[in-house]
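S.K.: Have a look at this one.
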Amino acid sequence: MLMMILLLELVTCMWGGRTRRTIPLALKPARRRQLVDEDRETWKVSIRKAYHALRIDRSLCTYKSRRDEQAPLKRRMKEIC
């Protein structure tokens, strides 16, 4: 599946002065991480090399959402208001 996505992206990308992407921007971060994990398992490479090969920013692997931590706070603020 990863190879099909990569091949499709390479075929459909613009070859002018624009950057070439191998992973579409429409994918959610969780799906991008999953693709990187699949790539790492298949090719037995490091995280850094996998992100570089797929042209994805490495900050994606270290990002942690704070949404869950703030949910109770937002509920409490709504109760007060």
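The values are calculated or read from the model by the stated rules, or taken from the named source; none is laboratory data. Because the structure is predicted, anything quoted here is derived from the model rather than measured. As a convention, Cβ positions derive from the backbone with ideal geometry for all residues, glycine included, and neighbour counts pool all protein chains shown. Ligands, DNA and RNA are excluded from the accessible area calculation, which covers all protein heavy atoms including side chains. Shrake-Rupley method; radii C 1.70, N 1.55, O 1.52, S 1.80 Å.
S.K.: So which residues in segment 43-81 are under 23 Å from Ala26 (Cβ atoms) and over 17 Å from the mean Cα position of the chain (by Cα), if there are any at all?
M.R.: Matches in segment 43-81: Arg67 only.
S.K.: While we're here: Would you pick out the residues in segment 24-81 that are in a helix (DSSP H, G or I), among the polar types (S, T, N, Q) and open to solvent by 70 Å² or more (accessible area, probe 1.4 Å)? I'd like the intermediate steps shown before the answer.
M.R.: Filtering segment 24-81 down to residues in a helix (DSSP H, G or I) leaves 29-43, 47-53, 59-62, 67-80.
From the residues that got through so far, the ones that are among the polar types (S, T, N, Q) too are 34, 42, 59, 62, 70.
Across segment 24-81, the qualifying residues are Gln34, Thr42, Thr62, Gln70.
S.K.: Then there is this: Go through (1) at pLDDT 60 or above; (2) in a helix (DSSP H, G or I) for Leu10 and report which single condition fails.
M.R.: With respect to (1) at pLDDT 60 or above; (2) in a helix (DSSP H, G or I), Leu10 is out only on (1).
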